[in-house]
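The values are calculated or read from the model by the stated rules, or taken from the named source; none is laboratory data. Treat the numbers as computed from the prediction; the structure is a model and nothing was measured. Neighbour counts run over all protein chains shown; Cβ positions are idealised from the backbone, glycine included.
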Amino acid sequence: MPLPDDFLPPVPRTRLTVLSADGTRLSVEVHGPDDAPTVLLGHGWTCSAGFWGRVLHRLGDDVRAVVYDQRGHGRSELVAPSACTATALVDDLEAVLRATVRAGERAVVAGHSMGAMALVALAGERPDVLHEKVCAALLASTGVGGLVEEVRLMPHPGPLRTVARAVTERGMGDTRLLTLLPPWARRSAISHMTLSPAADRHQRAYCTDVVLACPPQTRAGFARMLADLDLGHHVVALDVPTLVLCGTEDRLTPLRHSRRIDAALPHPVGLVELPGIGHMTPVQTPDAVADAVRRLVRDHHVSAGAATA
Amino acid sequence: MTSPSGDAAALPERVHVLVVGAGFGGIGAAVRLSQAGHDVLVLEKADDVGGTWRDNSYPGAGCDVQSHLYSFSFAMNPDWTHSFSLQPEIHAYLHDVVRRFDVGHLIRCGVEVLGARWDDDRSVWAVTTSAGDVLADVLVNASGPLSEPRLPDGVTTDTFTGTVLHTARWDASLDLTGRRVVVVGTGASAIQLVPRIAKVAESVTVMQRTPAWVIPRNQHRIPGWRRALYRRVPAVQRCVRGAIYAGRELMVLGFVGRPTLMRAVEALSRRTMGKSVTDPHLRAVLTPRYRAGCKRILISDDFYPALSRPNVEVVPQAVTALEGDEVVGAGGTRRTADVVVFATGFEATDLPVARHVVGRAGRTLADVWAGTGMQALRGSTVTGFPNLFFLIGPNTGLGHSSMVHVIESQLAYLLDALDLMRSRGFDVMEPEQSAQDAWNADVQQRLSTTIWATGGCSSWYQDAQGRISTLWPGTTWRLRRQTRRVDLAEYRTARRAAGMRQGRPATVVTQRGR
Ligand SMILES: Cc1cc2nc3c(=O)[nH]c(=O)nc-3n(C[C@H](O)[C@H](O)[C@H](O)COP(=O)(O)OP(=O)(O)OC[C@H]3O[C@@H](n4cnc5c(N)ncnc54)[C@H](O)[C@@H]3O)c2cc1C
């Protein structure tokens, strides 16, 4: 049962390797024409650059899309669990921005899940980079703290709360647990976590494959980081026009995260709630994600030369 | 002891049998014909024997039929070190055969056959070579179906600043360490090359037009005790060879008999890929969308793992140009490259020799074949071209087994023809058009239901018109039966005018009642 063609990411026009602050090699792809506005897309935990394929097909030649593999994911270098930190993700994002966004230009940056968290962290830790390189932001299906507490993988009635938390934490981070499950159970577990019941069989098959392709050590390393993450205080620093987008059936980062972020943003430009959609919005509703990106480009992109306002 | 001579000694004025090319075919001809007492001369344009196994010296080059089978039946080699030998060992084997059967003095290296014209008055082939002219009673083409490198059409390379080479013209001095390499193609050569160079190159980009079905090769070392056993008891090696042969022959069922059986190969290939390619995007790019077997099924233990390396990228696009320091793909993709390797195969359906062989009616073989595609009787002889024989002729290629088996079948046919000439006292034989047509109609009929015709792909098995003129649609056993004896009912034979007869070397003349 071959996947429909649009799940296959387009072939990048060029490809480069960018070194992060600690020397980690990051694989970066550039799509679309050289003179189009730059959009940078950051994927989430256990995904890879190719995860943006369906969105890239929709953006076509209208933008110059930069996608990269987060450290430990896809074709980027594997790192020790101790190097899976929020600051490392900020370093990586900065390195990629500096290597790909042309002088004077400010790019639209879209992050999904952990990719969006990296952008919020960058705003808090390196406001200068934000102001130099980023003109607008899309935060898709994300949260900024209390992630494990609010995951809705299973109903957790009062007394069972701690048990539920423990199971959730392990289930997401434990490298063996997933592999111990029989393939069908593994697949339905991943589909359950990442997609809503409305997802079709291609979306299910694809998302499970993507998640399972993530090296176990990376999955574990970032699971630990995510469990303790707290970026709530950085949201106010994200002072570029920011659009928030989330599916109403998101189990991993439920909608209330997005509502809270939207309320705290200094420069919110909208909250898009996608009815019936799960966590993997770029796969389940690529049209909505591409539209959001386009809207930010149209309204806020700063091209080289037009800057210095 | 003579080794193939590259000396400039003048060619004889006339030979009985002139063979073009000293690969498996030409060397086999030298051995078998000289054993049967025929006057034979082999001309080889390169300065060494070996053909395919001299030219294909790229890293990882090797055979994909087990060495026990991919060797002459009359010259088994107990010392193969691997189940699938690498190029240096096969090349050495061919040198060894030349030495063991002492045929070096029958092979002239460094002499290119430039053209051959049938002289109907004298009933001989007038052959022009880079070392002068020769007359030959019989001309044997063993110039190899996979000998002339093919480059993809319309790719401009003149402005490219890096190094460009073809797998079959490898440069041993080229060091790929730390270089950015683009490999064009994902066929039988690329799949052997990529795992080797991926280990040393800075990056390897593989340009893929159509993915291949790949199944495990199960390469292994042959332990010393087994080699010793084969040396002492050759019958054991013969049994192993027989078992490999039989196992491969079963694959014909799938290719020719029931193409749907190929689903099993596809499942095996998917499993093989699944083990080493976890990335679903790469898996999708690598999964073919035609029935396995339609294009050559490839075997490898290390291709998929190599493609999963972070320094290797598969670009599912054809190459359109090399410009400056970049390779441009069909979708406008650009990749910087220091070295571009064309692993794009050979001119399998457009043989260069065909353009230089002129038959009875003054037309070249290429002209005759232009309308019809390559056609011969029993893969060996062609109407209008008396006394011309092919080793690996039209429709004798295999998707499943050893081409050396085919060469030996065709050598048997050639030997029978030479014996008949001697015993029946005729000098000229040419297949009847009706016999050649009937044979080709039958072959094409049998091809029409094979995987190669129905599998939904285009491949180098087909010529520009889409006609399959390279492959044999059946078992090698069947081909052997069909070429065991010359059926003179299929031929027009004639004697040469008395003044033109040549004194034959004194040899035993086999008498045969037929
Ligand atoms: C990489 C590779 C791997 C292969 N692996 C296998 C395998 O595993 N199993 C298998 O069965 N087959 C395999 N083959 C097919 C292989 O080509 C045949 O098995 C066999 O080697 C063909 O032998 P040949 O003598 O007919 O042709 P070649 O080996 O091609 O020899 C032809 C010779 O003719 C010479 N020549 C050409 N034109 C002229 C001229 N005008 N004048 C003088 N000399 C000329 C050439 O220089 C060459 O030396 C492989 C081929 C390649 C390229």
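Filtering the stretch B:360-379 to residues that are within 16 Å of the ligand (Cβ to nearest atom) and out of contact with any Ser or Thr (no Cβ under 7 Å at 6 or more places or on another chain) leaves B:364, B:365, B:366, B:376. Among the residues of the stretch B:120-133, are any under 22 Å from the mean Cα position of the chain (by Cα) and more than 13 Å from the ligand (Cβ to nearest atom)? Among the residues of the stretch B:120-133, not one is under 22 Å from the mean Cα position of the chain (by Cα) and more than 13 Å from the ligand (Cβ to nearest atom), which makes the answer no. Is it the case that residue B:236 is within 14 Å of chain A (Cβ to nearest Cβ) and modelled with pLDDT of 95 or more? Criteria not met by residue B:236.
Assess whether residue A:87 counts as being closer than 23 Å to residue A:143 by Cα, surrounded by fewer than 19 Cβ atoms within 10 Å (Cβ to Cβ) and of a type in the set (S, T, N, Q). So residue A:87 passes the test. All conditions but one from (1) in contact (Cβ under 8 Å) with a residue 12 or more places away in the chain; (2) more than 30 Å from residue B:320 (Cα to Cα); (3) out of contact with any helix residue (DSSP H, G or I) (no Cβ under 8 Å at 6 or more places or on another chain); (4) of a type in the set (A, V, I, L, M, F, W, C) apply to residue B:188; the one that does not is (2). For residue B:266, only one of the following conditions fails: (1) farther than 28 Å from residue B:165 by Cβ; (2) away from chain A (no Cβ under 13 Å); (3) surrounded by fewer than 22 Cβ atoms within 10 Å (Cβ to Cβ). What is its number? Failed condition: (2). Counting only strands (runs of 3 or more DSSP E) that sit wholly inside the stretch B:298-346, those with at least 2 residues that are surrounded by 21 or more Cβ atoms within 10 Å (Cβ to Cβ) and within 11 Å of chain A (Cβ to nearest Cβ) are B:312-315. In the stretch B:350-359, the residue that is farthest from the ligand (Cβ to nearest atom) out of those that are in a loop (DSSP other than H, G, I, E, B) and in contact with a strand residue (DSSP E or B) (Cβ under 7 Å, 6 or more places away or on another chain) is B:359. Filtered by the rule that a residue be near the ligand (Cβ under 10 Å from one of its atoms) and touching a Pro at 6+ places or on another chain (Cβ under 9 Å), the stretch B:383-392 gives a lone residue, B:392. Could we say that residue A:48 is away from chain B (no Cβ under 14 Å) and either in contact with an Asp or Glu (Cβ under 9 Å, 6 or more places away or on another chain) or surrounded by fewer than 19 Cβ atoms within 10 Å (Cβ to Cβ) (or both) here? Against the criterion (away from chain B (no Cβ under 14 Å) and either in contact with an Asp or Glu (Cβ under 9 Å, 6 or more places away or on another chain) or surrounded by fewer than 19 Cβ atoms within 10 Å (Cβ to Cβ) (or both)), residue A:48 does not qualify.
Residues of the stretch A:1-13 that are free of Cβ contacts under 8 Å to residues at least 12 places away in the same chain and within 8 Å of chain B (Cβ to nearest Cβ): A:2, A:11.
On the stretch given as the stretch B:270-287, residues that are within 8 Å of chain A (Cβ to nearest Cβ), in a loop (DSSP other than H, G, I, E, B) and of a type in the set (Val, Ile, Thr) total 2. A search for C-beta distances below 7 Å between a residue of the stretch A:14-37 that is away from chain B (no Cβ under 13 Å) and hydroxyl-bearing (Ser, Thr, Tyr) and any residue that is assigned to a strand (DSSP E or B) and crowded, with 18+ Cβ neighbours inside 10 Å, counting only pairs 6+ apart in sequence or on different chains, returns A:20/A:26. Please determine whether any residue of the stretch B:234-247 is within 28 Å of the chain's Cα centre (by Cα), within 30 Å of residue B:183 (Cα to Cα) and of a type in the set (Val, Ile, Thr). Among the residues of the stretch B:234-247, not one is within 28 Å of the chain's Cα centre (by Cα), within 30 Å of residue B:183 (Cα to Cα) and of a type in the set (Val, Ile, Thr), which makes the answer no. Restricting to the stretch A:221-237, what's the tally of residues that are assigned to a helix (DSSP H, G or I), hydrophobic (A, V, I, L, M, F, W, C) and under 17 Å from the mean Cα position of the chain (by Cα)? Here the count works out to 6. Residue A:11 meets all of the listed conditions (1) closer than 24 Å to residue B:205 by Cβ; (2) out of contact with any Ser or Thr (no Cβ under 7 Å at 6 or more places or on another chain) but one, namely (2). Being in contact with a helix residue (DSSP H, G or I) (Cβ under 7 Å, 6 or more places away or on another chain) and surrounded by fewer than 24 Cβ atoms within 10 Å (Cβ to Cβ) is the filter here, so list the residues in the stretch B:381-391 that pass it. If the condition is that a residue be in contact with a helix residue (DSSP H, G or I) (Cβ under 7 Å, 6 or more places away or on another chain) and surrounded by fewer than 24 Cβ atoms within 10 Å (Cβ to Cβ), then B:383, B:384 are the ones that fit. Taken over the stretch B:123-141, the criterion of being under 12 Å from residue B:386 (Cα atoms) and part of a loop (DSSP other than H, G, I, E, B) is satisfied by B:123 alone.
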